Amino acid sequence: MSGAGLALPAVPTRGQRAWRRYGLAGIGAAIVLGWLLVALLAPWIAPYDPDFVDVANRLRPPSAAHLLGTDALGRDCFSRLLWGSRVSLLAGFAVVLLGALFGTLVGMVAAYARGWVDEALMRLTDLVLCFPPIILALAIAAALGIGTTNTVIAMLVVWWPKFARLSRALALVQRGQEYVEAAVVLGLRPARILGRHIAPNAVGPLVVLVTLDVGNAIITFAGLSFLGLGVVPPTAEWGAMVAEGRELVEQWWVATFPGLAILTVVLGFNFLGDGLRDWLDPKARSR
Amino acid sequence: MIRYVASRLLGAAVMAVLATLVVFLIANTVPGDPVLAQLGDIAASNPETVREWRAKWGLDLPLWERYGLFLRGLLNGDLGTSIASQRPVLEDILQYAPATIELATIAFILALAAGIPLGIAAAVWRDSWVDAAARMVSLIGVSSPTFWLAFVMLALFYGGLQIAPGPGRLDPIAFPPPDVTGLFLVDSILAGDWEAFHDAAAHLVLPSIVLAAATIGLITRTTRAAMLEAMGQDYVRVSRSKGLPERFIVLRHILPNALIPVVTLGGLAFANLLAGAVMTETVFSWPGLGRYTFRSAAALDFPAIMGITLVVSVSTLLVNLLVDLSYALLDPRVRR
Amino acid sequence: MTAPPVLEVPVLEVQDLRTVFLTDAGPVRAVDGVSFRLGAGETLGIVGESGSGKSVTALSLLRLLEEPARIVGGQMRFQGRDLLAMRPEELQALRGDRMAMVFQDPMTGLNPVIRILRQLTEHMVSHGHHTPAAAKHRAITLLGRMGITTPERTVTGFPHEFSGGMRQRVMLAMGFANDPALLVADEPTTALDVTIQAQILDLLRGLNRDFGTAILLISHDLGVIGSVCARVAVMYAGEVVEEAATEAVLADPRHPYAWALVNAVPRIDQPLGAERRLTSIEGAPPDALDLPTGCRFAPRCPFRIARCETQHPPLAEVAPGRLARCWVTQAGAVLPKPGGTGFAEPGAERVRPEAAAPLLSVRGLVKHFPLPRETLFSPRRVVHAVNGVDLEVARGETLGIVGESGCGKSTLARLITRIHTPTAGSIRFDGQEIAGASAAAIRPLRRRMQMVFQDPYASLNPRMRIGDTLAEPLVAHGLLRRGAEARERVAELLSTVGLNPAWAARFPHEFSGGQRQRISIARALALQPDLVVADEPISALDVNIQAQILNLMLNLQERFGLTYLFIAHDLAVVRHLCDRVMVLYLGQVMESARSADLFARPLHPYTRVLISAVPVPDVGAQRGRQRVVLQGEPPGTLVLPTGCPFRSRCPIARPVCETPPPLAEHTPGRWAACHFPGEFDPGSSQALPSAQARAESPA
């Protein structure tokens, strides 16, 4: 017994391992939960009416009275920030959940039907995917007119294809698994095979994509708002708030804080999604 | 290989035609009435004027005939006339494209140059502080709203520290180099105008960093995942059993395999850069396609929006084709 | 580099090697005190089941272990140099130079994006033995030596252009590139078909003989070891339990585990006994985290004595040149010859009542799988998986279907069970036509026709408790209601297949491979079927578990009067289990006959070659046995060959073979698709005509 490097190495403690495995996802979950609470409680915790115009107090820097200062119309930035979380989170969840629902339906049907149905649905998916999402969403949003609902609809049009692709691929993988073949041989009905055998085993990656994607949708929605296509003024919304402040370099607080809000909430979803992915990946889990 | 390219081109052409159909349908079946938008309230209240106007623009024809006209116009390079600028949309697009191409190219190079080494380092020193740092950089990159990042950079380095030039492609008082390609960096080199080159380069720093931020995150993540995937493959252990140096194994055996999925990211990165360009150019007053898009959208300038959508989706198709072809170069398994 | 080794210094000397895996649950002692030595030019085999530590031993030798594995003790000397004291650069200089390794899976062992030439030459150059030009020359020469007919073309290709057998030849050439003193081969033929395995084993023997390279061969298959290695070490639970000359271990094992290993496998070279149950030891290897204090095999050992439970036996000499880690044999006891009461006469098979109408009757079955288009406009290519198969299975009979991978046997199973819909042909199950029937029309018949799958890890839904898995078909067919009734039936099913009924609430991942296969069988039995289609049900299992599952299948057949369609690539198992056997090649039947007849005197040249390629775990018998090593590999299934499908590899192919031979009845019950049935018999004519190498060039 000679030579270096033969001694037992330090084994990471239980805490270190748990941190490595769940730490990021935990932080992400905490951030997301925090913002959800804010959105829920905004009417009670916001110190001012978010739309109350007070021109006498316009563009005040952050102070005890106005934690994040006031904007060009003298509205309280902090209250607007809190209220803005409602629109952003709602839009983000609506786009992703509805998009995932529709896309998954398309993907599963394509995978199950195969043949020309599959071909047609997948060509349609490819067609939508050949437009850069934000440009097409922008065109549709412009066509539909300004408004939260219209913007969400525009985003939905470009949002579902990735879920169709992923769910089809997942369903196809599961379809070839021997336990699904066993279910066929046992004489189970297609709906039961899809619902009881394929879906539960295919759902993991979809959950990860949904989680990561809520952040994406929030950024895109805020972007469209920033471009003037999201919400109808004077609704408090983070993207629109950044737009209102983008010329105000001296009054940096007007644009900075709503942007930070977007950054934190999206980061939260990304942490959570990344953590979920590591956790669901059996290769990563065994380490 | 030629057969493959030919059939791919044909497929892309079919998709492009279908894309025009989508664009056409969006433009022609949306609730908003172009009559109102084009003629204004007073004229629209006169039924005779409206009828004439509709006949003039072919709006009284059935949908499929209008699509035929639309296609014929396209073949003649007619994307319609912009309401806002009163100029042909194609002319507008050609005028604004070079600024965007210059910015996006620099951003893309930046994203690759930062993202790939970062991803490699994160994978090689997996679970170390390098990995954690790379993860944070990439997560913050993809989580930052571009328009906000642009504002913060501008406020900090131009407004606050005053070490970066302001918005625009050049100083307001400077003259652009003689127009050859429309790319200021190239044109200034061609003209030997080093002052303009320096000015243009300095103005590119902030916007290209902002534009690259999200893509850096994407590329870092993908490179890291692909490297780890490749590192777990049997051929890596075989390489070790052959007594090859570790550095050689990483660079010559693992990396070529890991780059394959990174290349497939090209199409996605392109779409990313376009989306980012709309925001970045708006904040940096960059006279490119992105700002043109924003202005058209804000003015509900439909012909312009449709034209942009079409041009951009066709270029996306071409980029995806290029990605698939370079994929074939990198991966002998898909070569024919 | 080093002075020529003194004669007494062995190539490799391992003393008390200990390797652990540092897992969350604690250190797992994967290799626990292994010692052996290997002289220059010698061959040593290491045999054991999965988890016995044999592969970890191989990786430890080259110090190629990755986290969380660590060598924590022992000594390893290579040509007298201490491997554990070496710095990374010294190890690097040694690996691929004096000491080389060949791994199990040739499909993943080569880098897909690098040309063969660079992969063959890079370490010749980096170790400083050759200039790039000389290395290229040597690479081509080596590939030629490995039996590749067009080495100049091969080196310019990429790995994906070659079959598994070809790639393993490339891997061997890579191992021999710098003319090593020791080659460690870790299951080098496990991923290959039996005819290709025979080619590679032939090659290994030749390389050992011609180059004098010492070979350490790791395998789970005693037949493979027996055909290459002079000595063998048997590993169990991280320890060597027996080490001796291979012949001696095979004839007269001195450790009960080696005894079980030798006797668990049916032998193709010995007459069938009347008793079809194989010798199997119950139980599973001990938990590596909680090893028994006494002999590690004691809990499963049929011969254990009181001392075995408490005292850990050393590896000690039981006879001259023979080591065993067993108190019983060290005390001088001899392990008995297993089970069977002597050998039965040929033809002493079970006599099955031939039913008037066959249970299953298949005519002209065809399945083609169209591949997805590569682009929107490229032509569709088609995999010709099954190309006109006829078969009949009588009630209560076992029909075996054998063939190499890609012969269409698994597709055939999935057509008969109607997982896939046939392209053409007829399937009549108990008189009812099901080939084109709708899913709804077949559903009532499903109760009577069930399937057992190959991969015990993939064939159970990981998210369902096994109780639910077993109850689901019963409830779906309206046979019983959820609740107490179902629970009772599930418990009954579990005990039928030898599992604890209390385990119904567990999930699949809580079971071992063998236990999962039992659950899979229980699921197939739940509906009380007449026919069970078993698609390679034991090929993913260790030999001992194989024997358990085979015995279980035999018991169930007797108890419930089951009819089996048994699909396998292992001829010895098929011979052992099946009444009749059908040989498939490229989706067509080559030969079909009663098992005893087919193995006694095959009519089709392919059948003969297949039988002869089986490595037999007995060096003596191997010597007497006529071996035919078939050259080349089966053609692909995208374009079917014209004429006889086997003619491109057939040793007796003649011009007339360009017309496809019909499957004709030779003597009653014996069918063969050959123009010259029974003519190929290398026992009489020693000559093996021109090596057919056409299939060797890149596809």
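Read-outs: derived from the displayed coordinates by stated rules, not from any lab. Keep in mind the model is a prediction, meaning the values are calculated, not measured. Neighbour counts are summed over all protein chains in view; Cβ atoms, including those assigned to glycine, are modelled from backbone coordinates with ideal geometry.
Observations
- Ordering C:72-78, C:50-56 by mean Cβ neighbour count within 10 Å, with the highest value first, yields C:50-56, C:72-78.
- Taking a ≥ b ≥ c as the square roots of the Cα gyration tensor eigenvalues, chain A comes out oblate, since a/c reaches at least 1.5 and a/b does not exceed b/c.
- Take each residue of peptide C:319-331, count the partner chain Cβ atoms within 10 Å of its Cβ, and average: the result is 0.
- Take the Cα of A:Ala169, step 7 Å toward its Cβ, do the same at C:Arg448, and the gap between the two points is 4.4 nm.
- Chain A: angle of helix A:199-226 to the longest principal axis, Cα-based, in degrees nearest 10: 20 degrees
- Placing +1 on the Cβ of every Lys and Arg and -1 on the Cβ of every Asp and Glu, with nothing else charged, gives the protein assembly as shown a dipole about its Cα centre of roughly 2500 debye.
- Ranking of C:Glu492, C:Glu392 by count of other Cβ atoms within 10 Å, fewest first: C:Glu492, C:Glu392
- Sequence-distant residues sharing a close amide H with C:Met101 (under 5 Å, placed H): C:Gly96, C:Val184
- Fewest-first sequence of B:Arg87, B:Arg224, C:Arg205 by Cβ atoms within 10 Å of each Cβ: B:Arg87, C:Arg205, B:Arg224
- Cα gyration tensor category, rounded, prolate or oblate, for the stretch C:449-528 with a/c compared to 1.5: prolate
- In the protein assembly as shown, the ratio of gyration radius to Kirkwood radius, Rg to Rh, stands at 1.01 when only Cα atoms are counted.
- Contact order, relative form, for chain C: 13 percent (alpha carbon pairs under 8 Å, 6 or more residues apart, mean separation divided by residue count).
- Pairwise centroid distance, computed over Cα atoms, of the stretch C:79-109 with the stretch C:645-665, Å: 47 Å
- For C:Thr121, neighbours were defined as the other residues whose beta-carbon sits under 11 Å from its Cβ, and their charges (Lys and Arg +1, Asp and Glu -1) total +4.
- Stokes-Einstein translational diffusion, the stretch B:90-335 - Kirkwood Rh over all Cα pairs, 1.306 mPa s, 10 °C, in µm²/s: 80 µm²/s
- Antiparallel beta bridges, as assigned by DSSP with both residues in the protein assembly as shown, represent about 60 percent of the total such bridges.
- Value of relative contact order over chain B, rounded to a whole percent, pairs C-alpha under 8 Å and six or more apart: 25 percent
- Gain on full stretching of the segment that runs from B:Leu161 to B:Leu318 - 0.36 nm per residue minus C-alpha separation: 52.4 nm
- Legend: mean number of C-beta atoms from other chains within 10 angstrom of residue C-beta atoms, peptide C:453-461, equals 5.
- Summarising the label geometry, the points placed 7 Å from Cα in the beta-carbon direction at C:Glu679 and C:Glu492 lie 5.8 nm from one another.
- All aspartates and glutamates inside 18 Å of C:Lys136 as judged from Cα atoms, apart from same-chain residues fewer than 8 positions distant: C:Asp97, C:Glu122, C:Glu152, C:Asp179
- When B:Phe302, B:Phe284, C:Phe676 are arranged by Cβ crowding within 10 Å, least crowded first, meaning fewest neighbours, the order is C:Phe676, B:Phe302, B:Phe284.
- Estimated purely from DSSP H runs of n ≥ 4, each contributing -39500 (n - 2.57), the mean residue ellipticity at 222 nm for chain C is -8500 deg cm²/dmol once divided by its residues.
- Built amide H within the under 5 Å cut-off of C:Asn387, gap 5+: C:Lys367, C:Gln588
- Two-site FRET efficiency, B:Leu63 against C:Ala664, from Cβ-Cβ distance with R₀ of 60 Å, rounded to 0.05: 0.35
- Near C:Val241, the amide H atoms lying under 5 Å from its own belong to C:Val234, C:Met235, C:Tyr236; only residues 5 or more places off or on other chains count, and H is placed 1.01 Å from N.
- Burial ranking of peptide ranges B:9-22, B:231-244, B:130-143 (average Cβ count within 10 Å, highest at the top): B:231-244, B:130-143, B:9-22
- Acute angle (nearest 10 degrees) that the helix B:63-75 long axis makes with the longest principal axis of chain B, alpha-carbon atoms: 60 degrees
- Placing a pseudo-label 7 Å from each Cα along the Cα-to-Cβ vector at C:Ala85 and B:Val205 gives an inter-label distance of 5.8 nm.
- Gap separating the Cα centres of the stretch C:221-261 and the stretch C:514-531, nearest whole Å: 34 Å
- Dipole-positive endmost among A:Pro233, C:Gly74, B:Ala16 within the protein assembly as shown (Cβ charges, Cα centre): C:Gly74
- Residue-wise HN-Hα coupling along the stretch C:226-232, computed from phi with Karplus coefficients 6.51, -1.76, 1.60 (Hz; x: Gly, Pro): x, 7, 10, 9, 7, 10, 9
- With R₀ set to 22 Å, the beta-carbon distance separating C:Asn500 from C:Leu479 gives a calculated FRET efficiency near 0.40.
- Here C:Lys337 is the anchor, and the aspartates and glutamates within straight C-alpha reach of less than 12 Å, apart from those fewer than 8 places off in the same chain, are C:Asp252.
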